[in-house]
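Novice: Take a look at the following structure, please.
All of the numbers you see were taken from the coordinates with simple rules; none came from a lab. Given the structure is predicted, the values throughout are model-derived calculations rather than measurements. When we count neighbours, we look across all protein chains shown, and the Cβ atoms used for this are built from the backbone with ideal geometry, even at glycine.
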């Protein structure tokens with residue numbers, strides 16, 4: 001009898017704990033069911049990081065600037081290739097014309113008005129070359145002023161002289177294209193460097209967390225001048 005009573009008394013705390021657990025679970029289930037649908041538990045507010053936001057916005061603008069600068073460089077690079085091809089073509093034509101006129105023409109007494117006709121030919125040929133952008137305006141002015149040009153030469157002799165002038169003009173255009181390409185590359189490289197710096201600073205600012213407004217101004221002043229920021233580009 002005593003053993004049965006002892007067994008019953010030892011089982012009472014366990015049964016009590018089980019019933020309390022069941023009742024607690026029912027209470028939680030009733031409370032959850034009583035909540036209105038669509039209600040979400042608000043998340044804790046996130047502290048604003050103005051410096052990181054500003055740097056990320058500046059990085060987005062710098063990315064646009066860097067893309068435009070790279071496109072300008074690619075365009076300038078294409079212009080270098082095109083002007084070099086034009087120079088090579090002009091050089092080949094001048095070389096062939098020079099070889100064709102290697103032998104002197106037979107001298108004969110000129111007719112009355114030959115010099116006028118030759119001058120007209122030179123002016124007309126130079127004007128056509130200028131219209132097709134094979135000669136510059138400055139070169140055309142020299143032709144009409146006879147600066148470095150002999151208007152009395154026979155048209156056959158005048159052709160290689162004109163083609164040599166075209167070659168010189170094409171080479172000048174190539175050199176100008178090279179200078180523009182180099183400047184475009186420097187600009188594109190500077191824009192890419194600014195973008196890399198802004199992205200690195202934005203990531204670092206995001207890791208550091210919020211700073212004061214004075215701290216924001218100090219970061220921008222230490223790393224970039226107003227001319228280097230995308231808004232001023």
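Novice: Which FRET efficiency value, to the nearest 0.05, do you get for residue 96 and residue 74 by plugging their Cβ-Cβ distance into 1/(1 + (r/R0)^6) with R0 = 35 Å?
Specialist: Efficiency, rounded to the nearest 0.05: 0.55.
Novice: Using 0.36 nm per residue, how much length does the chain from residue 200 to residue 185 gain when fully extended, once their Cα-Cα distance is taken away?
Specialist: 3.1 nm
Novice: Take the Cβ-Cβ distance between residue 157 and residue 60 as r, set R0 to 45 Å, and report the resulting FRET efficiency rounded to the nearest 0.05.
Specialist: 0.10
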